[in-house]
Amino acid sequence: MDGKLIELVNGAIIESQMIFAKEHKIPLCIARMEYEKQPITEERFKDSIAFVHAFIDYNPLLLDRDNTYLLFLKDVRIHSAVKMMKKLIFSLKIKFSIKINRISVTLVDESDSLFTLMERLDRYFLLIKTSKNEKIFYGTKDFDFLAEQNKMELLNSIFKKDPEIKVYNFFKNIPLIEEARVTKFSDDFLQIKIDSSKLSFYKKDKSIYLEHNLLPDILKADIFKIDLMNSIISLYNIEFLDSSPVDREEIRVKPHKNITASVSYANRVLFEGMIVDISINSVLIATQLAKLERFKNVQTENIEFDIKFDLPFPNKTVLIKVKGKIVKMMGNQVVFTITPNAVTKSKLSSYISLRQHQLIAELEREMKSSYELT
């Protein structure tokens, strides 16, 4: 197809999506994604495109140029869009062995024209080439991930524009999410007001995580002071995080008893270790550092290991056998992504639900104790 015709058709579709989002007052993010040039069968390529289309909830998916596509994420804010693109990179690599060169993402602003929107998207896309490690650059009209502007000044302008913010706190991996309002901000000092019965529980934490609709990154801040009488938390040492516990879409729980897991390949046990935490799709195992030395110079990304362990329920233990791939290694800990079948997934789900109820009961006891002490 003629390049000018593609540009014309794409421009019309992009503008119509922008108009729809503005008229219906919903957030709309647009991403440009480039496949890495690599040998791939026609069938696998077709399946990968179908997967991407389903992944973005069957919103428009446009061919932009060779190996490059435009993705529309409707009713999705910038931070969620970036999380989705990171997950998409990982999924394409695991499911199809396809690597993504780069992705740029931006949020449509009320004042955007087709030109200003695409200029922003193009600029991020081109500047990724100057980075050695980053595959995703992103931003909004108000927040430019690449800008060298003072981030504290930026936060001040954003909090004045919209003081509403989400606060994330974690109790043994269970997220506690509260709505809050910024009441004061200057330099590296932030005050937020929370109307919550959980306020006293924040006394146990050194830091919390904050999410704002106009910011592409999660903020982390240290707790300086808690005013229980006025429901005010004072924060300092604010930093932008590229990834955080907030990004986890699945529930991870820590076992209430020690669970020993064995990792095998070709019917040979490679190592045993203790499960640190577990979810439906992943497991973190800690073992002796010496046992992981053999993996240092081995390409493990496409190797499927056999993982076996017993889940402890109140009146029984349940044997779990799953296939897993190494996602990353951190010191003596290994993160595996696992692919349980329907029966195993049900067992894992039951255990995770059990642990959630146990942890919530523990949280309620701690909160009650905290109130009695105040």
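The values are calculated or read from the model by the stated rules, or taken from the named source; none is laboratory data. Bear in mind the structure is a predicted one, so any value in this text is a computation, not a measurement. Here the Cβ is made from the backbone with ideal geometry for all residues, glycine too, and neighbour counts use every protein chain on show.
A quick yes/no check of all residues on (1) without any contact (Cβ under 8 Å) to a residue 12 or more places away in the chain; (2) over 27 Å from residue 353 (Cβ atoms):
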{"residue": "254", "(1), (2)": "no, no"}
{"residue": "257", "(1), (2)": "no, no"}
{"residue": "268", "(1), (2)": "yes, yes"}
{"residue": "291", "(1), (2)": "no, yes"}
{"residue": "307", "(1), (2)": "no, no"}
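Return yes when residue 274 is over 20 Å from residue 176 (Cβ atoms), under 27 Å from the mean Cα position of the chain (by Cα) and free of Cβ contacts under 8 Å to residues at least 24 places away in the same chain and no when it is not.
Working: over 20 Å from residue 176 (Cβ atoms): yes; under 27 Å from the mean Cα position of the chain (by Cα): yes; free of Cβ contacts under 8 Å to residues at least 24 places away in the same chain: yes.
It is true that residue 274 is over 20 Å from residue 176 (Cβ atoms), under 27 Å from the mean Cα position of the chain (by Cα) and free of Cβ contacts under 8 Å to residues at least 24 places away in the same chain.
From the list 165, 192, 226, which residue is aliphatic (A, V, I, L, M), at pLDDT below 90 and surrounded by 15 or more Cβ atoms within 10 Å (Cβ to Cβ)? Steps first, please.
Numbers: 165 fails: at pLDDT below 90; 192 fails: at pLDDT below 90.
None of the others qualify; the one that does is 226.
Quick check on this structure: which one of 257, 160, 203, 184 is of a type outside the set (Asp, Glu), in a strand (DSSP E or B) and either at pLDDT below 85 or at negative phi (or both)? It would help to see each step written out before you state the result.
Working: 257 fails: in a strand (DSSP E or B); 160 fails: in a strand (DSSP E or B); 203 fails: in a strand (DSSP E or B).
Among 257, 160, 203, 184, only 184 is of a type outside the set (Asp, Glu), in a strand (DSSP E or B) and either at pLDDT below 85 or at negative phi (or both).
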Quiz item: residue 31 fails exactly one of the following numbered conditions: (1) modelled with pLDDT under 90; (2) closer than 20 Å to residue 7 by Cβ. What is the number of that condition?
Solution: (1)
Practice problem: From the list 291, 308, pick out the single residue that is over 30 Å from residue 160 (Cβ atoms) and assigned to a strand (DSSP E or B). | Solution: 308
Practice problem: Working only within region 297-323, note down all residues that are within 15 Å of residue 255 (Cβ to Cβ) and among the hydroxyl-bearing types (Ser, Thr, Tyr). | Solution: 317
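Please verify whether residue 129 is exposed (fewer than 14 other Cβ atoms within 10 Å of the Cβ), touching a Phe, Trp or Tyr at 6+ places or on another chain (Cβ under 8 Å) and assigned to a helix (DSSP H, G or I), treating the condition exactly as stated.
Numbers: exposed (fewer than 14 other Cβ atoms within 10 Å of the Cβ): yes; touching a Phe, Trp or Tyr at 6+ places or on another chain (Cβ under 8 Å): no; assigned to a helix (DSSP H, G or I): yes.
Criteria not met by residue 129.
If I filter region 338-359 down to residues being of a type in the set (Ser, Thr, Tyr) and under 22 Å from the mean Cα position of the chain (by Cα), which single residue comes out as farthest from residue 265 (Cα to Cα)? Before the answer, list the steps.
So the first thing to find is which residues in region 338-359 are of a type in the set (Ser, Thr, Tyr), and the list is 339, 344, 346, 349-351, 353.
Filter once more, so that each one left must be under 22 Å from the mean Cα position of the chain (by Cα): 339, 349, 353.
On the way: 339: 16, 349: 26, 353: 30 Å.
Once the filter is applied, the top-ranked residue is 353.
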Quiz item: Would you pick out the residues in region 327-337 that are under 18 Å from the mean Cα position of the chain (by Cα) and not hydroxyl-bearing (Ser, Thr, Tyr)?
Solution: 327, 328, 335, 336
Quiz item: For residue 243, which of the numbered conditions (1) within 22 Å of the chain's Cα centre (by Cα); (2) surrounded by 15 or more Cβ atoms within 10 Å (Cβ to Cβ); (3) modelled with pLDDT under 80 fails to hold?
Solution: (2)
